[in-house]
1. Kindly check whether there is at least one residue in region 552-566 that is touching a residue at least 60 places away in the same chain (Cβ under 8 Å), closer than 22 Å to Leu253 by Cβ and of a type in the set (Gly, Ala, Ser).
2. Among the listed residues Ala424, Ala430, Ala418, Ala466, identify the single one that is of a type in the set (A, V, I, L, M), modelled with pLDDT of 95 or more and over 19 Å from the mean Cα position of the chain (by Cα).
3. Among residues belonging to region 352-404 that are farther than 30 Å from His512 by Cβ and either touching a strand residue (DSSP E or B) at 6+ places or on another chain (Cβ under 7 Å) or among the charged types (D, E, K, R) (or both), point out the one that is modelled with the highest pLDDT.
4. Can you name the residue in region 327-345 that is assigned to a helix (DSSP H, G or I) and among the aromatic types (Phe, Trp, Tyr) and is also surrounded by the most Cβ atoms within 10 Å (Cβ to Cβ) among such residues?
5. Under 6 Å by Cβ, and 6 or more places apart or on different chains, what pairs join a residue from region 281-293 that is in the same structural domain as Ala306 (by TED's automatic domain parsing) and closer than 13 Å to Thr345 by Cβ with one that is among the basic types (Lys, Arg) and surrounded by fewer than 18 Cβ atoms within 10 Å (Cβ to Cβ)?
6. Could you pull out the residue among Arg463, Arg450 that is part of a helix (DSSP H, G or I) and within 21 Å of Glu617 (Cα to Cα)?
Amino acid sequence: MCGIVGLFHFDRHRPLDRGLFFRQNDVLSHRGPDDGGVYLHDGVALGHRRLSIIDVSGGHQPMWDPELRLGIVFNGEIYNYKELRQHLEARGHHFRSHSDTEVILASFREWGAACVEHFVGMFAFAILDRVERTLFLARDRLGKKPLFWWRDDSRLIFASELKAILLDPSVPRLLEPTAVLDFYAYGYVPGPGTIFRDVHQLPPGHTMLVGPHGVSQHQYWDVDFSSVDEASNLQQNAQRLIETLTDAVKLRLRSDVPLGAFLSGGVDSSLVVALMAGQLDRPVETNTIGFSESEYDEREYARETAELYGTQHHERLVSADAASLLDDLSWFYDQPFGDSSAIPTFRLCQTTREQVTVALSGDGGDESFAGYRRYIFALAEDQVRRRVPSLLRQGLVSPLARLYPKADFLPRPLRAKATLTNVATSLERAYFLSLTQKTYPRVLSPDFLRGVEGYDPYVHFERHLARAGTKDPLGRLQYVDLKTYLVDDILVKVDRASMAHALEVRVPLLDHRVVELAARMPTRYKLRGSETKVVLKAAAEKLLPKRILEREKRGFTVPLPEWFRGPLRGPAEGILFDRVGGYSGLLDTDGLRGLWYEHQLGISNHATMLWQVLMFEAWARRYLSAPLALDGTAVRPRPSRPSREASPQ
């Protein structure tokens, strides 16, 4: 895995700041400590930091085609590069290395922008055409690899991480107020925007062409929930799935460096390990994370799978050291990131990197195969909604929902406010309400809230729902999750945590062929009553015992409520209440203090919102109050080689 950065001046005669560009490249050295290369010429700069996985001795970037016309910087892996290479060789292309990077270059020569349609993999890359003086940017279908960009009237800058763009002092760090509100609602900043005004992300499944006369984007892929195969039965779908997954795992075992897996003991990661064990001639290296708080700890389940398949198993216990990670998390994530499972993910990547350089994970199964329990609740509420006439819902249920108290201290069956609120509105709006925070108006200053009055974070749901292409309730919810929660939370969490430790993570369940296959399956093969992942479990039943398949999903949760009342209390108070308005200047300190005391007294559980505020403030202290430092963190997996300048000439 790697880091990339680039600069394109629309006027080729504009001078390049060589020193600044080297710093921009080297600030990404955690993503690629093995090698660094820079090209600067003709108003264009390309930078690359390399983590060597395929063709370790070769593959230096920027890489050039034989005619020295096309140059590439690439972050990711093309898993089917061997098959593509054979095809391209048959069409007259010649190769000088064994790297997948050179296969991308040859594919671009053969198919142009359509080359991305041939790739099975995760990628973000830029190809410079020195003759046409154009820059072609591409991001993989599901957004596993990041790609940020900023432009003004004279130039465009792109990079794997925001910090490389922000090192340029002429790039303004202007907060986007609606993105701040989005963060406090979702716990992350939904793309394609960012927390900074005028800094953007290239959306998943998109390409961008940059030339002397401007910039254009093109969408080359989207998941299609409209072509459901109703004729096939469960066993046929299960067989197709296991065959596709087996091939997805096989492709992801291609590596010239040590390789292992994350293992939680759930269905997804256990199935990945089972398929790995069936294809490797050595024990799989597995890694898991646990907590001393037993209700959050899943190590015993991971041990079952590890023993079943004879893996070399490693465990790490996560203690309440979240405060010590705040600086590192805020540095590596670039934007405010409020998902507290970033803590164990960071530690999991850290311990995994001690054994291997590449790890396979089970991420993606919940989105494609309806593994979240929230899908069950959403569809159950929808059944009630369909049975209650609209006039009755608006005239009775909606007022009742407003009057019903929010009482976290009551037994769960009596906490009916959320259910009443959801039934009174649409399926999609109800799902949005179930996923987002409601208490953020209490922690943000009245002045700030007045400035974003009328803005509704639901706009991101609306934008994606307009493109969902299906009326199926589950399909619409899955589509939105794939476009928001998966790409901007789950994949961001794993990319930044793994790259902080120079670890590559591969995700077989997010092979686009698996995602497309799942989208074509009827809802009944994903959800059946209260049973989730029906077809995935059917596909796995010959590989995993029933106790694993039938185990209730727990999720990667963190004991934040207890930590905020215990070891995290002092450090959190020091950040949250150090100054009126916080480091960001956006907080209502009195309102925040009210939330804090309610949590400390056990009146309400505000751990999620408190963590989001804490992460926003740690990020603001890092990115808003002082210039960025090149060595912004103590986390250094190994010494990095300095970048070197190279020319194709």
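1. no
2. Testing whether each residue is of a type in the set (A, V, I, L, M), modelled with pLDDT of 95 or more and over 19 Å from the mean Cα position of the chain (by Cα) leaves just Ala466.
3. First pass over region 352-404, keeping only residues farther than 30 Å from His512 by Cβ: 354, 380-381, 383-404.
Narrowing further to those that are either touching a strand residue (DSSP E or B) at 6+ places or on another chain (Cβ under 7 Å) or among the charged types (D, E, K, R) (or both): 354, 381, 385-387, 393, 402.
On the way: Glu354: 93, Glu381: 84, Arg385: 77, Arg386: 75, Arg387: 68, Arg393: 48, Arg402: 52.
My answer is Glu354.
4. Ranking the qualifying residues of region 327-345, first place goes to Tyr333.
5. Ile289/Arg316
6. Checking each option against the conditions leaves just Arg450.
The rows are residues; the columns are (1) assigned to a helix (DSSP H, G or I); (2) surrounded by 19 or more Cβ atoms within 10 Å (Cβ to Cβ); (3) in contact (Cβ under 8 Å) with a residue 24 or more places away in the chain.
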{"residue": "Leu317", "(1), (2), (3)": "no, no, yes"}
{"residue": "Leu325", "(1), (2), (3)": "yes, no, no"}
{"residue": "Arg347", "(1), (2), (3)": "yes, yes, yes"}
{"residue": "Asp363", "(1), (2), (3)": "no, yes, yes"}
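Conditions tested, residue by residue: (1) modelled with pLDDT of 90 or more; (2) among the acidic types (Asp, Glu); (3) over 26 Å from Pro559 (Cα atoms); (4) outside the structural domain of Asp42 (by TED's automatic domain parsing).
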| residue | (1), (2), (3), (4) |
| --- | --- |
| Gly585 | yes, no, yes, yes |
| Thr589 | yes, no, no, yes |
| Leu601 | yes, no, no, yes |
| Glu617 | yes, yes, no, yes |
| Arg641 | no, no, yes, yes |
| Gln649 | no, no, yes, yes |
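The values are calculated or read from the model by the stated rules, or taken from the named source; none is laboratory data. This one's a predicted model, so the numbers in the text were calculated from it and none came from an experiment. Counting neighbours? That spans all protein chains shown, and the Cβs are built from the backbone with ideal geometry, glycine included.
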